[in-house]
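Below is one structure, written out as structure tokens; the observations come after it.
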Amino acid sequence: MQSLRSRCAGSRFPSRRARGFTLIELLVVLAILTLLAGLVGPRVLNQLGGAKAKTTAVQIADIDKALEIYKLDVGRYPTNEEGLAALMKRPGAAPGWNGPYLKGEAVPTDPWGHPFRYANPGPNGGVEILSLGADAAPGGEGENADIRNSN
């Protein structure tokens with residue numbers, strides 16, 4: 001005769017071990033995952049903001065180098081009226097222009113989608129390339145802080 005266990009193996013009701021997780025076990029796991037997400041999430045978001053600021057600084061450095069090459073070719077920096085567009089398209093009064101000086105179709109925007117600001121002369125003399133940060137307003141802290149070239 002078959003044992004009781006072998007007869008139950010093929011039945012619709014598996015043994016207690018094979019049934020799965022209890023509701024309490026699932027709630028405990030869910031609580032642990034929520035706690036981890038609450039602790040790790042803000043730190044990850046802060047790193048993303050820092051990455052955008054670093055990317056902006058690199059873009060400004062690239063534009064600054066392109067302006068130096070423009071100055072070597074033309075003999076001067078672009079005027080405020082010509083702006084950074086002079087790096088992409090020859091301005092009317094720029095003999096020796098040998099551009100475009102930046103890759104792409106147009107002058108890049110900062111990681112927040114705002115155009116870079118250009119001033120010649122800048123507040124400290126020389127040229128200034130400025131991103132107003134995430135809020136697109138002067139000043140600010142953290143991700144909203146202004147980022148500019150070192151001139």
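The values are calculated or read from the model by the stated rules, or taken from the named source; none is laboratory data. Here the structure is a predicted model, which is why all the values come from computation and not from measurement. Here the Cβ positions follow ideal geometry from the backbone for every residue, glycine too, while neighbour counts run over all protein chains shown. The area values use the complete protein model at the heavy-atom level, side chains included, leaving out ligands, DNA and RNA. Shrake-Rupley method; radii C 1.70, N 1.55, O 1.52, S 1.80 Å.
Taking all protein chains in place and a 1.4 Å probe, what share, in percent, of the accessible surface of region 56-112 do carbon and sulfur account for?
Answer for region 56-112: carbon and sulfur cover 55 percent of the accessible area.
Find out how many positive minus negative residues lie around GLY140, taking Lys and Arg as positive, Asp and Glu as negative, among other residues whose Cβ is under 14 Å from that of GLY140.
Net charge around GLY140: -3.
Just grab the label-to-label distance for VAL44 and ALA145, each label 7 Å out from Cα along the Cβ direction, in nm (one decimal).
About 2.5 nm, to one decimal.
Calculate, for region 46-117, the solvent-accessible area per residue in square angstrom, rolling a 1.4 angstrom probe over the heavy atoms of the protein chains.
Per residue, region 46-117 has an accessible area of 60 Å².
Ignoring ligands, DNA and RNA, how do ILE32, ILE147 rank by accessible area with a 1.4 Å probe, largest first?
Details: ILE32 90, ILE147 30 Å².
Correct descending sequence by accessible area is ILE32, ILE147.
Name the GluC sites (Glu not before Pro) in region 16-124 that are in a loop by DSSP and that have at most 11 other C-beta atoms within 10 Å, would you?
Of the GluC sites (Glu not before Pro), the ones in loops of region 16-124 whose Cβ has at most 11 other Cβ atoms within 10 Å are GLU81, GLU105.
Relative contact order for region 23-151: what percent, with Cα pairs under 8 Å and sequence separation of 6 or more?
That works out to 21 percent.
In a Debye calculation with equal point scatterers on the alpha-carbon sites of region 26-86 and no solvent, what is log10 I(q)/I(0) at q = 0.12, 0.13, 0.14, 0.24 Å⁻¹?
Ignoring solvent entirely, the Cα scatterers give -0.54, -0.57, -0.60, -0.94.
Any chance you could run the full-extension gain for ASN124 through LEU23? It's 0.36 nm times the residue separation minus the Cα-Cα distance, nm to one decimal. Mind showing how you got there, number by number?
Details: separation 101, 0.36 × 101 = 36.36 nm, distance 6.59 nm.
Additional length available on full extension: 29.8 nm.
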